[in-house]
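The values are calculated or read from the model by the stated rules, or taken from the named source; none is laboratory data. Note that the structure is predicted; figures quoted are calculated from it, not measured. So basically every Cβ, Gly included, is an ideal-geometry build from the backbone, and we count neighbours across all protein chains shown.
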């Protein structure tokens, strides 16, 4: 679909809309993962409203860019972006996690328009994206593949197997984004299993590495656009983020990894997001 790419200001406002969608749908479902959805909202917004070559009216277009949310529990951010981009009616957001819904608790490619890869088993998404990128190279396609991984997920060995393979096959059509919000389900990532020095590790594995403020839309867009020009190796963008970004009582609090807000909490969260990001 041909459309004018959003400006930085427009992207910032759309990211706020997506954050509101996240709060609304998780509150309605009384279940879900707000923290990591909010932390990755700016990157997902940039991808869907400026960077990726996609057509919501033709979700399986063979030449589309591909996206995988490897940390699949954060799917509310993906669902919100797909709905706002026109893949399905926004009314579906109110059905999150219902048995008959197209929006399950983890993304599934057999139910939801625009989902390129079922996700949720942590560590697998980058390998799937690598396979898509390699397939594109072998078939001489010019699509690009984008994968968001989590920092807790980076404790999985399969992430580093994919890191080796991506460099071996020189997959410069593959861009991974690390949502470095420093928290996982119960504790800080560095308390459970430290992954630093993470930038040095990806460089040692042969990847181009960029490190950015994952909540600066200008920095996010610049990094994603720069990745298009790199050759002979995949790109890792380390996006330093805040878990629960945009909601004061959720920011940097482990409890909000997988806890749904009550209605009064959701109302406060929505007020904060609208006041700080939209008005």
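Conditions (1) in a helix (DSSP H, G or I); (2) within 15 Å of residue 234 (Cβ to Cβ); (3) at pLDDT below 95, marked per residue:
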position: 162; (1), (2), (3): yes, yes, no
position: 167; (1), (2), (3): yes, yes, no
position: 172; (1), (2), (3): no, yes, no
position: 185; (1), (2), (3): no, no, yes
position: 199; (1), (2), (3): yes, yes, no
position: 206; (1), (2), (3): no, yes, no
position: 209; (1), (2), (3): no, yes, no
position: 221; (1), (2), (3): yes, no, no
Which numbered condition residue 119 misses (of (1) buried (at least 22 other Cβ atoms within 10 Å of the Cβ); (2) at pLDDT 95 or above): (2)
Read through the list (1) in contact with a helix residue (DSSP H, G or I) (Cβ under 7 Å, 6 or more places away or on another chain); (2) more than 18 Å from residue 146 (Cβ to Cβ); (3) at pLDDT 95 or above; (4) assigned to a loop (DSSP other than H, G, I, E, B), then give the number of the only condition that residue 249 fails. (1)
Can you spot a residue in the range 60-81 that is part of a helix (DSSP H, G or I) and over 30 Å from residue 136 (Cα atoms)? no
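Return the residue satisfying two criteria in turn: it lies in the range 185-206 and is touching a strand residue (DSSP E or B) at 6+ places or on another chain (Cβ under 8 Å) and touching a residue at least 12 places away in the same chain (Cβ under 8 Å), and of such residues it is farthest from residue 162 (Cα to Cα).
189
Could you tell me how many of the residues in the range 25-35 are buried (at least 19 other Cβ atoms within 10 Å of the Cβ) and either modelled with pLDDT under 95 or in a helix (DSSP H, G or I) (or both)?
Our first condition is that a residue be buried (at least 19 other Cβ atoms within 10 Å of the Cβ); within the range 25-35, this holds for 25-27, 29, 32-35.
Of the ones still in play, those that are also either modelled with pLDDT under 95 or in a helix (DSSP H, G or I) (or both) are 25-27, 29, 34-35.
Residues in the range 25-35 being buried (at least 19 other Cβ atoms within 10 Å of the Cβ) and either modelled with pLDDT under 95 or in a helix (DSSP H, G or I) (or both): 6 in total.
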List, please: which pairs have Cβ atoms under 6 Å, are six or more places apart or on different chains, and start with a residue in the range 130-151 that is more than 15 Å from residue 67 (Cα to Cα) and end with one that is in a helix (DSSP H, G or I)? 151/189
Name the residue, out of 240, 252, that is touching a residue at least 40 places away in the same chain (Cβ under 8 Å), closer than 19 Å to residue 185 by Cα and surrounded by fewer than 16 Cβ atoms within 10 Å (Cβ to Cβ). 252
Between residues in the range 82-104 that are at positive phi and residues that are not in a helix (DSSP H, G or I), which pairs lie under 8 Å by C-beta distance while being six or more apart or on different chains? 86/56; 86/57; 97/31; 97/32; 97/103; 97/104; 97/105
Determine which member of the set 116, 100 is more than 20 Å from residue 156 (Cα to Cα), part of a loop (DSSP other than H, G, I, E, B) and in contact with a strand residue (DSSP E or B) (Cβ under 9 Å, 6 or more places away or on another chain). 116
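Do you know which residues across the range 135-153 are out of contact with any helix residue (DSSP H, G or I) (no Cβ under 7 Å at 6 or more places or on another chain) and either closer than 24 Å to residue 251 by Cα or buried (at least 18 other Cβ atoms within 10 Å of the Cβ) (or both)? Step through it out loud before you land on a result.
Here is the first cut: in the range 135-153, the ones out of contact with any helix residue (DSSP H, G or I) (no Cβ under 7 Å at 6 or more places or on another chain) are 135-142, 144.
Those that are out of contact with any helix residue (DSSP H, G or I) (no Cβ under 7 Å at 6 or more places or on another chain) and either closer than 24 Å to residue 251 by Cα or buried (at least 18 other Cβ atoms within 10 Å of the Cβ) (or both): 136, 144.
Somewhere in the range 23-38, is a residue more than 16 Å from residue 145 (Cβ to Cβ) and touching a strand residue (DSSP E or B) at 6+ places or on another chain (Cβ under 8 Å)?
In the first step, residues of the range 23-38 are kept if they are more than 16 Å from residue 145 (Cβ to Cβ); the result is 23-38.
Subset that is touching a strand residue (DSSP E or B) at 6+ places or on another chain (Cβ under 8 Å): 35-36.
The answer is yes, given that some residue of the range 23-38 is more than 16 Å from residue 145 (Cβ to Cβ) and touching a strand residue (DSSP E or B) at 6+ places or on another chain (Cβ under 8 Å).
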